[in-house]
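Trainee: The following block contains the structure, expressed as structure tokens.
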Amino acid sequence: MHDILPAQTAVWQYLERVISELFHCYGYSEIRFPLVEQTELFKRSIGEVTDIVEKEMYTFADRNPDRNPDRKDESLTLRPEGTACCVRAAEQNGLLRNQVQRLWYQGPMFRYERPQKGRQRQFQQIGVECFGLPGPDIDAQILLMTWRMWRLLGLEQVVTLELNSLGSADDRARYRAALLDYLERHRQHLDEDSQRRMASNPLRILDSKSADTQAVLADAPSLQDFLGDGAQQHFSQLLALLDGAGIRYRVNPRLVRGLDYYNNTVFEWTTDKLGAQGTVCAGGRYDGLVEQLGGAATPAVGFAMGMERLVLLFDAHGEMPAEPGRHIDVYFVVAGEDLGVVALNTAEGLRDAVPGIGLLLHSGGGSFKSQMKKADKSGAGFALILGEDEAAAGTLTLKALRGQDFGQQTLAADKLTDVLPALLADTAR
């Protein structure tokens, strides 16, 4: 679990702002839900034989029997992902009753796994979920939204869209039987983890990282051969929509995703710029999950992405724009005794008169020379000086610190508010 330090937060804030504004433009509303949920929610949704539930969840017993003695042995879990939480929150609060909902969320998730580049035990995730629309058109819209996101961030050249269809539950059951029959004949060549999965979740063997297992899978039955007419039609219509929109993609018949609730469309945006951790955004359809968790049958589709990997990718291949108003514009030097009240009121008056100004009021005393050194070190474009003479005359001295033609002028406070906006605009350009 890592800190995000001030030198790094500017990138995080920029990415979060671009992404949240994009979601808003596509009609998605933010939803927020707790960090802790009942453990049963994730067992029922993600699947008890998935890696997340078996090995990665932070789970503990509720220790508050005095308030609710009937639930003192309740098992709670720090949320390992957002989709199940979003479904629970939306269903519990009546958002899914014969309604279309477009929702997005962000925040920390928790998984007890081996930390590695771009993967941490507490990680930040942004996700999107859309409920109530069954057709391939909403799948295509979501993929177009993610494609626009990559273009806004300047990352479109370093990501690739991979797609697959998992079909219906019946399709997967027929395929599961055929796959198990094939794998049993080659069990001795499978890695240990894949042999264990044969009894629980054999489809997850398809994305095994073992070279020996992948060699066995080269001749394994293909899920595409077991898709029913409905799944085939849905997938072919989605591909036609993407082709019509000019979106590049690769159909990957081995793509299955790690959660049990997916059906039909699944996708991943991948990159070869982050080593082994190549997936930066992933999702798909989960039309049965709402009903599985106690609600009415509701079609749904969504995706999520880990912000740590996105930050790594953006740091290496993106470019932060120059953003006016997101740095220190003016460093306020107070060169005189007993000027604290005047300085505070003057600073607040400037903030009222020039909305968005980055104004840092010096604190802690010190000589005029030392304050000017701090003003220069702050990166501000201007130093604003209040000394005894200025206080007596009701003026302020504004001095350029970054070579602007403005130089230095002493102005009445009301004149300063007329001058500053234009000066700051020129500096931003």
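The values are calculated or read from the model by the stated rules, or taken from the named source; none is laboratory data. As the structure is a computational prediction, the values presented were derived from the model and not from experiment. In this analysis, Cβ positions are derived from the backbone assuming ideal geometry, glycine residues included, and neighbour counts consider all displayed protein chains.
Trainee: Sort out which residues of region 198-215 are surrounded by fewer than 19 Cβ atoms within 10 Å (Cβ to Cβ) and either assigned by TED's automatic domain parsing to the domain that holds P253 or of a type in the set (D, E, K, R) (or both), and write them in order of number.
Mentor: D207, K209, D212 - these are the residues of region 198-215 that are surrounded by fewer than 19 Cβ atoms within 10 Å (Cβ to Cβ) and either assigned by TED's automatic domain parsing to the domain that holds P253 or of a type in the set (D, E, K, R) (or both).
Trainee: Regarding I247, is this residue of a type in the set (A, V, I, L, M) and either surrounded by 17 or more Cβ atoms within 10 Å (Cβ to Cβ) or in a strand (DSSP E or B) (or both)? Spell out how you get there, then give the answer.
Mentor: Values: of a type in the set (A, V, I, L, M): yes; either surrounded by 17 or more Cβ atoms within 10 Å (Cβ to Cβ) or in a strand (DSSP E or B) (or both): no.
The answer is no for I247.
Trainee: May I pose another question? Can you list the helices (runs of 4 or more DSSP H) lying wholly within region 316-429 that have 3 or more residues being at pLDDT below 90 and surrounded by 14 or more Cβ atoms within 10 Å (Cβ to Cβ)?
Mentor: Hits in region 316-429: 413-428.
Trainee: To continue, here is another question. Of a type in the set (G, A, S) and in contact with a Lys or Arg (Cβ under 9 Å, 6 or more places away or on another chain): does that describe S168?
Mentor: No.
Trainee: For region 136-156, give me the residue count where each residue is in a loop (DSSP other than H, G, I, E, B) and free of Cβ contacts under 8 Å to residues at least 24 places away in the same chain.
Mentor: 1
Trainee: Turning to a different aspect of this structure: If R185 passes every condition in (1) more than 24 Å from T265 (Cα to Cα); (2) basic (K, R); (3) in contact (Cβ under 8 Å) with a residue 40 or more places away in the chain but one, which one does it miss?
Mentor: Condition not satisfied by R185: (3).
Trainee: Being assigned to a loop (DSSP other than H, G, I, E, B) and under 24 Å from T271 (Cβ atoms) is the filter here; which residues of region 219-244 pass it?
Mentor: none
Here is a yes/no grid of residues against (1) in contact with a Gly (Cβ under 9 Å, 6 or more places away or on another chain); (2) closer than 30 Å to E268 by Cβ; (3) not assigned by TED's automatic domain parsing to the domain that holds Q124:
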{"position": "A297", "(1), (2), (3)": "yes, yes, no"}
{"position": "F303", "(1), (2), (3)": "yes, yes, no"}
{"position": "L344", "(1), (2), (3)": "no, no, yes"}
{"position": "G379", "(1), (2), (3)": "no, no, yes"}
{"position": "L386", "(1), (2), (3)": "yes, no, yes"}
